[in-house]
Amino acid sequence: MVKKKEEKKEVIKLKDVFKYYQMGDVTVKAVDGIDIAINQGDFVAIMGPSGSGKSTGMNLIGSLDVPTKGHIFLDTEDISELTESELAQVRGKKIGFIFQNFNLIPNLTVKENVMLPMMFQGINIYERGAIAEDLLKKVDLDDRADHYPNQISGGQMQRVAIARALANDPEVILADEPTGNLDTKTGIKVMEFLQKLNEEGKTIIMVTHEPELAEEYADIVYWLRDGKVEKITKKKNGFKIEQEEKKLKKRKKKNPEEKNKDKKKSEKKVKK
Ligand SMILES: Nc1ncnc2c1ncn2[C@@H]1O[C@H](COP(=O)(O)OP(=O)(O)O)[C@@H](O)[C@H]1O
Ligand SMILES: [Mg+2]
């Protein structure tokens, strides 16, 4: 896996950002002073238990929401200076969103769902159709283009959502618990697609409450607790290999047959 690590550009930065909700007499400090800097090509995970501020943080990172206090920069541009419609335009072009519950539009076909974000960027219908078909090929769903969301499986719906997130060829993909509603096997397939996109150069920011997922796929993990960044961990050289070894050991423990197979193989080698 070769990643472009040189000449890193900062794509999103949160500087001393707060998001408070006033609920009667109580102030809920959903995000309580965080600094996050995301470079182009990074695979970042935002990790934390339920209620730690992940989704609120994600909405701020994706400029779907405005902070109570602090600054958010998209490509070094302070978004608090933009009007709502300018912001929507910038967001639609720069960021693709993936949600836990897929958020597909039920009365549009798979292909129409993928075409939709391009409409707001003024791309003509023929081009939209052609791009959508290409993207559906990329996620192995070109044979489902004319299906409706309720005619495909959860894993397929999330792959449609990935294709839709790619529609405007954004620099950044934001995914909030993208495997939260999927079984383990289907979830792995979705994660592998995200990993592939990252290898192709996309910046991926994923929210998850599962530490295994964060540590396996992300280069940088922000650990949130009570709206604050508790720690930041970075993947070091070789860390990935260590993870792979651990995974293999786990698999062997779970599956004694595989262990025997390996044993036989090594016996063969010895005989030779
Ligand atoms: N719109 C809102 N109004 C009031 N409180 C909110 C709102 N959104 C989130 N919260 C509160 O902020 C805290 C963080 O929520 P959230 O960001 O959804 O956490 P997570 O995604 O980590 O589970 C929680 O205590 C939640 O109840
Ligand atoms: Mg959440």
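The values are calculated or read from the model by the stated rules, or taken from the named source; none is laboratory data. Everything numeric in this text was worked out from a predicted model, so none of it was measured. All Cβ positions, glycine included, derive from the backbone under ideal geometry; neighbour counts span all protein chains shown.
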Legend entry - Test: residue in the stretch 153-175 that is within 16 Å of ligand 2 (Cβ to nearest atom) and surrounded by 15 or more Cβ atoms within 10 Å (Cβ to Cβ): yes
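If a residue has to be in a loop (DSSP other than H, G, I, E, B) and either over 21 Å from VAL207 (Cα atoms) or within 16 Å of ligand 2 (Cβ to nearest atom) (or both) to count, how many in the stretch 51-67 make the cut?
Number of matching residues: 6.
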Inset, instruction - Sort out which residues of the stretch 139-160 are farther than 21 Å from ASP176 by Cα and either under 20 Å from the mean Cα position of the chain (by Cα) or not assigned by TED's automatic domain parsing to the domain that holds LYS93 (or both), and write them in order of number. - result: ASP140, LEU141
Legend entry - Number of the condition not met by ASN113 [criteria: (1) at pLDDT 95 or above; (2) within 16 Å of ligand 2 (Cβ to nearest atom); (3) out of contact with any strand residue (DSSP E or B) (no Cβ under 6 Å at 6 or more places or on another chain)]: (2)
Inset, instruction - Could you tell me which numbered condition LEU74 fails, if it satisfies all but one of (1) in contact with a Ser or Thr (Cβ under 9 Å, 6 or more places away or on another chain); (2) more than 16 Å from ligand 1 (Cβ to nearest atom); (3) closer than 18 Å to PRO178 by Cβ? - result: (3)
Inset, instruction - Would you confirm whether any residue within the stretch 11-32 is more than 10 Å from ligand 1 (Cβ to nearest atom), touching a strand residue (DSSP E or B) at 6+ places or on another chain (Cβ under 6 Å), among the aromatic types (Phe, Trp, Tyr) and farther than 18 Å from ARG225 by Cβ? - result: no
Legend entry - Residue within the stretch 109-116 that is in the same structural domain as LEU14 (by TED's automatic domain parsing), within 21 Å of the chain's Cα centre (by Cα) and closer than 24 Å to GLY41 by Cα present: yes
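Restricting to the stretch 186-229, and then to whatever is of a type in the set (Val, Ile, Thr) and assigned to a helix (DSSP H, G or I), can you tell me which residue is surrounded by the most Cβ atoms within 10 Å (Cβ to Cβ)?
Here is the first cut: in the stretch 186-229, the ones of a type in the set (Val, Ile, Thr) are 186, 188, 190, 203-205, 207-208, 220-221, 229.
With assigned to a helix (DSSP H, G or I) added as a condition, the list becomes 186, 188, 190.
Numbers: THR186: 17, ILE188: 15, VAL190: 21.
That would be VAL190.
Answer yes or no as to whether ALA175 is in the same structural domain as MET115 (by TED's automatic domain parsing), closer than 30 Å to ILE12 by Cα and at pLDDT 95 or above. Before the answer, list the steps.
Details: in the same structural domain as MET115 (by TED's automatic domain parsing): yes; closer than 30 Å to ILE12 by Cα: yes; at pLDDT 95 or above: yes.
Yes: the conditions hold for ALA175.
Restricting to the stretch 35-50, and then to whatever is surrounded by 18 or more Cβ atoms within 10 Å (Cβ to Cβ) and not in a strand (DSSP E or B), can you tell me which residue is farthest from ligand 2 (Cβ to nearest atom)? Full working, then the answer.
Filtering the stretch 35-50 down to residues surrounded by 18 or more Cβ atoms within 10 Å (Cβ to Cβ) leaves 36, 38, 41-48.
Now drop any that are not not in a strand (DSSP E or B), which leaves 41-42, 48.
On the way: GLY41: 25, ASP42: 21, GLY48: 9 Å.
This residue is GLY41.
Could you tell me whether ASP32 is surrounded by fewer than 21 Cβ atoms within 10 Å (Cβ to Cβ), acidic (Asp, Glu), in contact with a Ser or Thr (Cβ under 8 Å, 6 or more places away or on another chain) and not in a helix (DSSP H, G or I)?
Numbers: surrounded by fewer than 21 Cβ atoms within 10 Å (Cβ to Cβ): yes; acidic (Asp, Glu): yes; in contact with a Ser or Thr (Cβ under 8 Å, 6 or more places away or on another chain): no; not in a helix (DSSP H, G or I): yes.
Answer is no for this residue.
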Legend entry - Odd one out for GLY70 among (1) surrounded by 15 or more Cβ atoms within 10 Å (Cβ to Cβ); (2) under 16 Å from the mean Cα position of the chain (by Cα): (2)
